[in-house]
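Please read the structure below before turning to the comments.
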Amino acid sequence: MEEKALIIGNDTVQRYLNVEDVIQCVEDTWRQYGEGKIIMPPKITTDMSSKGIDGWFNSMPCYIEFTNTAGIKVVGGYGENKKLGLPFIKANILLTDPKTGILLALISGDWISDMRTGAQPAIMAKYLASKTEIVTIIGAGLQGYTSLLCMSKRLEIKEVRVCDLSSDARQSFISKFAGAPFKLVDCPDNEEACKDSDIIITVTTANADLVKDAWIKKGALVMTMGSFRETEYDVIRNADMLAVDHPEQALHRGNFKELAEKGELSFEAFGGVMPEILAGRQKGRKNATDRICAEIVGMGCLDVAIASLLYNRIIKSGEKVTAVDLTK
């Protein structure tokens, strides 16, 4: 019996998927997770820095009942990549037959991971934002770009304030949205950018007080997406609701980790869990004036679900793509 595995590169991924596909798949998969139709252990991080390698990677396995797919996303950050002309973050996705373990496909996960990352705040804001007219993005990198791209597909936005330590990064970011139906503002000062903003997103590699409690208005939604702390503690302490995508992971990484280690946060602190909200088991925003602080860590089942959609479309198309018989 042949065991053919497809090898699917980034160009092929983008021919079969678009941004709308990813946004819808993320929303559907969050809902399915909330309905108990997905098995997904918390991600495992392998940090190689103690052995002199400037890099780390996460292993993110899952089984998705509604597509009958098993798979794993392997994604990491590699400090030497910039010198090689490669992105800092690199991702790969493996799909397997859940009954036999046969490898179905090895898929470049770069575009999928970037767009999945961007889709998450778009969906979270749909359910948790009181208003969406003014958006502040702190971190003018690729993930900030995909976040705004996806948000622009789902939200009514009038003004976007772009913050970054690099003036060149801010200008480059703004140029990518030339002709957008909203105003883009170059904001070198985080405080000015955050004041009166409806939505504040941090998408950085920092471990710093990028957002302070005094800058946040009533009714604002603050979403952090970095791996470390991106707000001062009082942003979390004084929020009317804390929201997450995955509670177990949120206690061990990202913006909430330090307060969890201090014993100030536990599982019960999270009044909004996105899969639970989408499954109808929790309410989203309760009051227009509530300040909500949310953390998005990322769930591997989203990438595997998107990869499964891609794989099935390729199979249905009949297109001949590179395949390897693993019995040989």
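The values are calculated or read from the model by the stated rules, or taken from the named source; none is laboratory data. Source: prediction; values computed, not measured. Because the Cβ atoms are built from the backbone with ideal geometry, glycine has one as well, and the counts that use them run over all protein chains shown.
So how many residues does the stretch 155-203 have that are farther than 18 Å from Ile216 by Cβ and in a helix (DSSP H, G or I)?
The number of residues fulfilling the criteria is 9.
Looking for whichever is farther than 30 Å from Glu3 by Cα, basic (Lys, Arg), modelled with pLDDT of 95 or more and not assigned by TED's automatic domain parsing to the domain that holds Gln32 here; the options are Arg285, Arg291, Arg253. Which one fits?
Answer to the check: Arg291.
Restricting attention to strands (runs of 3 or more DSSP E) lying wholly within the stretch 242-328, give those where 1 or more residues are buried (at least 17 other Cβ atoms within 10 Å of the Cβ) and among the charged types (D, E, K, R).
Result: 292-295.
Note down all Cβ pairs under 7 Å where the first residue falls in the stretch 148-162 and is closer than 14 Å to Thr202 by Cβ and at pLDDT 95 or above, the second is surrounded by 19 or more Cβ atoms within 10 Å (Cβ to Cβ) and among the charged types (D, E, K, R), and they're at least six residues apart or on different chains.
Close Cβ pairs (under 7 Å, with a partner that is surrounded by 19 or more Cβ atoms within 10 Å (Cβ to Cβ) and among the charged types (D, E, K, R)) amount to Val162/Arg170.
Between Ala260, Ala208, Ala214, which is in contact with a His (Cβ under 8 Å, 6 or more places away or on another chain), without any contact (Cβ under 8 Å) to a residue 40 or more places away in the chain and farther than 21 Å from Ala122 by Cα?
Being in contact with a His (Cβ under 8 Å, 6 or more places away or on another chain), without any contact (Cβ under 8 Å) to a residue 40 or more places away in the chain and farther than 21 Å from Ala122 by Cα holds for just one of Ala260, Ala208, Ala214, which is Ala260.
Out of all the residues in the stretch 210-221, is one or more touching a Gly at 6+ places or on another chain (Cβ under 7 Å) and either assigned by TED's automatic domain parsing to the domain that holds Ala250 or assigned to a strand (DSSP E or B) (or both)?
No: the stretch 210-221 contains no residue that is touching a Gly at 6+ places or on another chain (Cβ under 7 Å) and either assigned by TED's automatic domain parsing to the domain that holds Ala250 or assigned to a strand (DSSP E or B) (or both).
So, of the residues in the stretch 30-55 that are surrounded by 11 or more Cβ atoms within 10 Å (Cβ to Cβ) and of a type in the set (Lys, Arg), which turns out to be farthest from Ile296 (Cα to Cα)?
Lys37
Within the stretch 206-257, which residues are small (Gly, Ala, Ser) and over 27 Å from Gly55 (Cβ atoms)?
Across the stretch 206-257, the qualifying residues are Ala214, Gly219, Ala220, Ala239, Ala243.
Within the group Ala105, Ala91, which residue is farther than 22 Å from Glu27 by Cβ and assigned to a strand (DSSP E or B)?
So the residue among Ala105, Ala91 that is farther than 22 Å from Glu27 by Cβ and assigned to a strand (DSSP E or B) is Ala105.
Can you name the residue in the stretch 187-230 that is among the hydroxyl-bearing types (Ser, Thr, Tyr) and closer than 17 Å to Gln143 by Cβ and, of all such residues, is surrounded by the fewest Cβ atoms within 10 Å (Cβ to Cβ)?
Thr205
Anything in the stretch 90-143 that is charged (D, E, K, R), surrounded by fewer than 24 Cβ atoms within 10 Å (Cβ to Cβ) and touching a residue at least 12 places away in the same chain (Cβ under 8 Å)? List them, or say none.
Once the filter is applied, which keeps residues that are charged (D, E, K, R), surrounded by fewer than 24 Cβ atoms within 10 Å (Cβ to Cβ) and touching a residue at least 12 places away in the same chain (Cβ under 8 Å), the stretch 90-143 yields Lys90, Asp97, Asp110, Asp114, Lys126, Lys131, Glu133.
Select from the stretch 60-83 the residues that are small (Gly, Ala, Ser) and within 16 Å of the chain's Cα centre (by Cα) and write down the one among them that is surrounded by the fewest Cβ atoms within 10 Å (Cβ to Cβ).
Gly77
Considering only residues that are touching a residue at least 24 places away in the same chain (Cβ under 8 Å), over 17 Å from Cys301 (Cβ atoms) and not polar (S, T, N, Q), look in the stretch 13-29 and name the one that is surrounded by the most Cβ atoms within 10 Å (Cβ to Cβ).
Per the criteria, the residue is Val13.
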